[in-house]
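Engineer: Got a structure for you, written out below as structure tokens; questions coming shortly.
The values are calculated or read from the model by the stated rules, or taken from the named source; none is laboratory data. Not measured: the values here are computed from a predicted model. Methodologically, a virtual Cβ is constructed for each residue, glycine included, from the backbone with ideal geometry; neighbour enumeration extends over all protein chains shown. Surface areas here come from the heavy atoms of the whole protein model, side chains and all, with no ligands, DNA or RNA. Shrake-Rupley method; radii C 1.70, N 1.55, O 1.52, S 1.80 Å.
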Amino acid sequence: MTIGQLAQRCSACIHERYNDYQDRFQRITLLAPLRFMNRQWAQVQVDTTERLNLYAAAVDQSESSIRGLLKERFDEEELWAAAKADYSTRIAGRADRELAETFFNSVTRRIFDTVGVNRHIEFVPDDSAPLRPPPTESVVRTYPLNGPIEGVLRKIISDYGEIRLNTAALKSVLPRIVERVENRLGDGCDHNRPVRIEMLGHIFYRGQGAYLIGRIIADRQLIPLVMALLHAHAGVVVDALLLDSDGVSIVFSYTRSAFHVQLEKPAELVDFLKSIMPAKPEAEIYSAIGHFKHGKTILYRDVCKHTAQCTDERFRISSGKRGMVMVVFDMAGHDMVVKLIRDRFDNPKKITRHRVVAQYDFVFKHYRVGRLIEAHSFEHLSFDCCWFSDDLLTALTADAGQTVHLENDQVIIDHAYLERRVKPLDIYLLQETAEKAASAVVDFGAAIKDLAFGNIFPGDMLLKNFGVTRHGRVVFYDYDEIVPLTECRFRKIPQARTYLEEMADEPWYAVDENDVFPEEFARFLGLSTNHRDLFLHHHADLLTPAFWIAVQDEIRSGHIRHIRPYHPRYQLGH
């Protein structure tokens, strides 16, 4: 066959696989309303994991089919350039074109092991393209505010026909919703008159929650409007109302699993969400609606754009204590850090590189309860040497020489994880005000408990393994010793039989691999005396086997606890 014929068959194969992936993705997503209304929380987690695995499986199938089709010509760039052109024609006019382009790129990068970007065979963004138009009626419902707000809000809720709210509960809570909306707009609305409310047409589902997402358009500002629904035993209720960007941003946090929401026009949906969360990167929004690969693509493009031209700033080793498993450096002027697996691990770490990668994959697929930072896995990154300080290059080549290579004026990184930068908790407690530090100490304990309820035991619970986000939330980012909580055995330290046993350097009792002694936590947390007292005042139960065993029993019973992704002040009962 000619190059053109092979290119068409190659393009058709990838396009077919992409369509199959999207069909499967949407089929699982469309189950979300049924799961919510039937309170099928265990099945929700099964659906979430199944949907997460779809993309990699589709790329694997595409690669296998392409290699079988093209045989020894599978890596001819001229053929792939023609396939790209044909594929572009096939996806022209698609509402999800950007996702289809990313899928094609995933296949080419798998075939070629591309370092950096190969514009000849990959889709790249067109900076000269016009701005996307505002969301259409197929994405947004518009409600003019030419009457009482209560009537409009009642109409908004009733228009979501797939959800049946508890009538008595809605009647009770609606006046509180109206009061909060009016307070948010201000007492004298003449200077900030609300004009209309715009609501996204589909409900967002995640875990045991459902969310109605919209915005209030006023004369002088745009106000987020998010109603959080829960399905209690008595029926569906409006549990919380969020009217500020920070609160909504936490709901869409990079520390949480993705929503299940119908997506006819993903780009329009993302633009709408960006309007109510202007500080949130577009990459994170795509990840939050389930398209992690495209979110990763946008993140990579942002990084490439950021590093396209050298400045006086340099990448530098991240602040905080040196990690035993990872080398971590900050990207100057960017809010991401880069984590590389060390060639050798310090004692007492007994773990392999393969195991570390498996741990990060485990976290990606696990329900992340708002406490585990999303880590984007990248291969074959390329940066200009000018971005690296001499000290950083020396450290990288010495500690991660199996991963980092210098080629001409480029630093090539074979594999890395990119994560949002947060301030290590140990540094945060030293630098912030007493009030903020105290709040972080209390949330530190809450984070450990949230992880436990999500069937996660972090292993090393040292302060340096936790960080604080810009919203003041404590999160965990050191994944090499994470284990499912149900695999641990929580024990009380046996009473010493003699004085010599009590004073011995080594334990006088047998300790198996997954044995955990909670009463030892206080010694290893690293808190100051005042902070330790505060921690114990709120979370003394963490130092008892009883707490952990009770959580294990709860998990094994099949009970799944709902961890609200918003502060109690947003709840309508407060």
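Engineer: Go through the stretch 439-516 and name the trypsin sites (Lys or Arg not before Pro) that are in a DSSP coil and have 15 or fewer other Cβ atoms within 10 Å of their Cβ.
Structural biologist: On the way: sites: LYS449, LYS464, ARG470, ARG473, ARG489, ARG491, LYS492, ARG497; in loops: ARG470, ARG473, ARG491, LYS492, ARG497.
In loop regions of the stretch 439-516 (DSSP not H, G, I, E or B), the sparsely surrounded trypsin sites (Lys or Arg not before Pro) are ARG470, LYS492, ARG497.
Engineer: At LYS350 and VAL117, where each label point lies 7 Å from the Cα along Cα→Cβ, what is the point-to-point distance in nanometres?
Structural biologist: 4.6
Engineer: While we're looking at this one, here's another question. DSSP H helices in the chain with Cα extent of 20 Å or more along the helix axis and mean Kyte-Doolittle hydropathy at least 0.5?
Structural biologist: Long hydrophobic helices here: 434-453.
Engineer: At ARG110 and ALA522, where each label point lies 7 Å from the Cα along Cα→Cβ, what is the point-to-point distance in nanometres?
Structural biologist: Result for the modelled spin labels: 5.3 nm.
Engineer: Just subtract the alpha-carbon distance of GLU379 and ARG97 from 0.36 nm times their residue separation and send over the number in nm, one decimal.
Structural biologist: Stretched out fully, the GLU379 to ARG97 stretch lengthens by 99.1 nm.
Engineer: Filter the GluC sites (Glu not before Pro) in the stretch 442-513 down to the DSSP loop ones having no more than 11 other Cβ atoms within 10 Å, then list what survives.
Structural biologist: Those satisfying the criteria are GLU513.
Engineer: How about LYS171: which lysines have a C-alpha closer than 22 Å to its C-alpha, ignoring those fewer than 8 places off in the same chain?
Structural biologist: LYS155
Engineer: Please check which bits of the stretch 381-405 a label hung off CYS304 would reach, taking the label as a point 7 Å along Cα-to-C-beta and the cut-off as backbone N under 20 Å.
Structural biologist: 381-388, 405
Engineer: Something else about it: Which pairs in the list LYS365/LYS464; LYS349/LYS423; LYS280/LYS339; LYS296/LYS365 are over 18 Å apart, alpha-carbon to alpha-carbon? Display every interim value, and only then the final one.
Structural biologist: Details: LYS365/LYS464 24 Å; LYS349/LYS423 24 Å; LYS280/LYS339 22 Å; LYS296/LYS365 16 Å.
Pairs exceeding the cut-off: LYS365/LYS464; LYS349/LYS423; LYS280/LYS339.
Engineer: For the chain, what does the accessible surface come to per residue with a 1.4 Å probe? Please give it in Å².
Structural biologist: For the chain, the per-residue accessible area is 47 Å².
Engineer: Please state the shape class of the stretch 24-137: rounded when a/c is under 1.5, otherwise prolate if a/b exceeds b/c and oblate if not, all from the C-alpha gyration tensor.
Structural biologist: Verdict is oblate for the stretch 24-137.
Engineer: Also, I was wondering about something else. Take the alpha carbon gyration tensor of the stretch 169-243, find the square roots of its eigenvalues, order them as a ≥ b ≥ c, and report rounded if a/c is under 1.5; if not, report prolate when a/b exceeds b/c, else oblate.
Structural biologist: Oblate.
Engineer: Let me ask something else. Rounded, prolate or oblate: which fits the chain, taking a ≥ b ≥ c as square roots of the Cα gyration tensor eigenvalues, rounded meaning a/c under 1.5, else prolate when a/b beats b/c?
Structural biologist: Note, shape of the chain comes out oblate.
Engineer: Do any trypsin sites (Lys or Arg not before Pro) in the stretch 258-327 lie in a DSSP loop with no more than 14 other beta carbon atoms within 10 Å, and if so, which?
Structural biologist: The qualifying sites are LYS321, ARG322.
Engineer: Compute the relative contact order of the chain as a whole-number percentage, counting only Cα pairs closer than 8 Å that sit 6 or more residues apart in sequence.
Structural biologist: Numbers: 837 pairs, mean separation 65.5, N = 574.
Worked out over the chain, it gives 11 percent.
Engineer: Can you compute the FRET efficiency between GLN495 and SER319 using 1/(1 + (r/R0)^6), with r the Cβ-Cβ distance and R0 = 51 Å? Round to the nearest 0.05.
Structural biologist: Once the sixth-power term is evaluated, E becomes 0.75.
Engineer: While we're on this one: Just the number, please: carbon plus sulfur as a percent of the accessible area of the stretch 1-102, 1.4 Å probe, no ligands or DNA/RNA counted.
Structural biologist: 49
Engineer: Related question: For the pair ALA279/ARG154, report the inter-label distance in nm, with labels modelled 7 Å from Cα in the Cβ direction.
Structural biologist: 3.7
Engineer: Would you list, by chain and number, the aspartates and glutamates whose Cα falls below 19 Å from the Cα of LYS436, excluding same-chain residues fewer than 8 positions away?
Structural biologist: Cα-Cα hits under 19 Å: ASP246, ASP426, ASP533.
Engineer: To the nearest 0.05, how large is the calculated FRET efficiency for GLU487 and ARG196 if R₀ is 45 Å and r is the Cβ-Cβ distance?
Structural biologist: 0.30
Engineer: Next question, about the same structure. Any idea of GLU182's accessible area? Nearest 10 Å², probe 1.4 Å.
Structural biologist: 90
Engineer: So if we plug the beta-carbon distance of PHE362 and GLN571 into 1/(1 + (r/R0)^6) with R0 = 30 Å, what FRET efficiency do we get, rounded to 0.05?
Structural biologist: 0.40
Engineer: Stretch ASP391-GLU435 to full length: gain in nm at 0.36 nm per residue minus the Cα-Cα span?
Structural biologist: 12.2 nm
Engineer: What is the list of residues in the stretch 72-86 whose amide nitrogen lies under 14 Å from a point 7 angstrom out from the Cα of ILE3, following Cα to Cβ?
Structural biologist: Counting backbone N atoms under 14 Å from the label point, the list is 73-86.
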